[in-house]
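Only the coordinates and a few stated rules stand behind these numbers; no lab work does. All figures in this text were calculated on a predicted structure; none of them were measured in a lab. Here the Cβ positions follow ideal geometry from the backbone for every residue, glycine too, while neighbour counts run over all protein chains shown.
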Amino acid sequence: MRSTESFSFYDNLENQSTIELLKIINNEDKNVPFEIEKSLDNIKTLIDKVFLKMNKGGRLFYIGSGTPGRLGIVDASECPPTYGVDNNVIVGLIAGGDYAIRNSIENAEDDFNQAWNDLKNHNISSRDSVIGITASGRTPYVIGGLKYSSQNNILTGLITSNTKSKASEYAEVVIETILGPEVVTGSTRMKSGTAQKLILNMISTSLMIKLGRVKGNKMIDMKLSNSKLIDRGIRFVADELKISYEESEKLIKKYNSVRQATKEYKKKET
């Protein structure tokens with residue numbers, strides 16, 4: 001299997017019809033979940049190791065540049081509203097800082113020391129974990145962050161789409177999804193980015209479940225910050241307690257929390 005930087009299997013893309021382009025992209029995207037399936041054991045190992053740290057108060061950091069960095073930030077930023085955790089429990093860091101979230105700063109990824117400086121700004125310690133995200137596995141920002149983290153007894157993991165990469169030398173657990181060339185040569189925001197997104201979903205969701213932020217299949221600590229979420233919370237409580245929507249609505253208005261509303265009702269009933 002060729003690397004993510006190899007030339008595409010497809011040519012003359014500009015001469016293809018829209019439906020032909022869609023079929024080509026879709027055909028390549030189909031490979032992603034099957035490649036991830038091959039890495040489930042390593043994903044499991046990384047989750048379990050990170051959980052042991054987080055269960056004792058440790059934090060999880062994602063580091064990456066470009067698309068991987070943005071995906072890490074998206075995953076991290078969705079955890080507080082979804083699971084009610086503090087903003088610093090899972091933290092996404094991107095080469096170039098917050099400005100790079102919306103703007104391309106391509107040379108920022110070449111700074112070998114910057115990720116470690118960014119991590120130190122968050123007072124990182126051996127209680128925490130760091131996961132590097134890089135399709136190529138040779139991004140200096142990620143390599144440096146993993147190397148210095150490893151040297152400081154910090155748990156390290158890597159999500160990449162190439163084998164035996166430089167970054168893997170400094171990761172305790174390596175997750176490799178070998179997807180080959182992108183449809184547009186080198187455009188790793190495509191298949192590689194999709195794989196990264198799916199794996200990050202697996203990691204953060206599994207961690208939140210293991211940390212007790214889900215009961216049954218419900219997000220009992222989600223922040224009830226808009227009408228949609230309030231309605232969802234009311235339905236969660238009604239289902240859990242086997243009471244009417246109207247009764248549940250009163251509880252949610254009083255406690256503004258699915259967990260607290262459920263707890264207080266059960267306490268009262270006993």
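Structure notes:
- Sparse-neighbour loop sites [trypsin sites (Lys or Arg not before Pro); the range 19-67; at most 10 other C-beta within 10 Å; DSSP]: LYS30, LYS56
- Distances between every pair of Cα atoms in the range 55-165, grouped in 10 Å steps from 0 to the bin holding the largest one, split as 16, 50, 30, 4 percent.
- Mean projected area of the Cα convex hull of the chain, taken over all directions, amounts to 17.0 nm².
- A DSSP coil position with no more than 15 other Cβ atoms inside 10 Å describes the following trypsin sites (Lys or Arg not before Pro) in the range 234-270: LYS242.
- Measuring r between the beta carbons of LEU52 and LYS263 and using R0 = 30 Å, the FRET efficiency lands at 0.65.
- The mean sequence distance of close C-alpha pairs (under 8 Å, at least 6 residues apart), as a share of the length of the chain, puts its relative contact order at 22 percent.
- Antiparallel bridges, percent of DSSP beta bridges restricted to the chain (to nearest 5): 10 percent
- GNM flexibility winner over the chain from TYR62, TYR99, TYR141 (Cα, springs under 10 Å): TYR99
- A quarter of the convex hull surface defined by the alpha-carbon atoms of the range 78-121 gives 3.6 nm² as the mean projection.
- Net charge over other residues, Cβ less than 13 angstrom from the Cβ of ASP48 (K, R count +1; D, E count -1): +2
- Restriction of the trypsin sites (Lys or Arg not before Pro) in the range 130-190 to DSSP coil positions whose beta-carbon has at most 13 other beta-carbons within 10 angstrom yields LYS164.
- Think of the range 223-269 as having a plus end and a minus end, set by charges on the Cβ of Lys, Arg, Asp and Glu; of GLY233, TYR245, GLN260, GLN260 sits farthest toward the positive end of this dipole.
- Here the range 13-210 is assigned +1 on the Cβ of each Lys and Arg and -1 on the Cβ of each Asp and Glu. Its dipole about the Cα centre then comes out at about 520 debye.
- Helix content alone sets the calculated 222 nm mean residue ellipticity of the chain: runs of n ≥ 4 DSSP H residues at -39500 (n - 2.57) each, divided across all residues, give -15500 deg cm²/dmol.
- Percentage relative contact order, the range 1-89, counting C-alpha pairs under 8 Å, at least six apart: 14 percent
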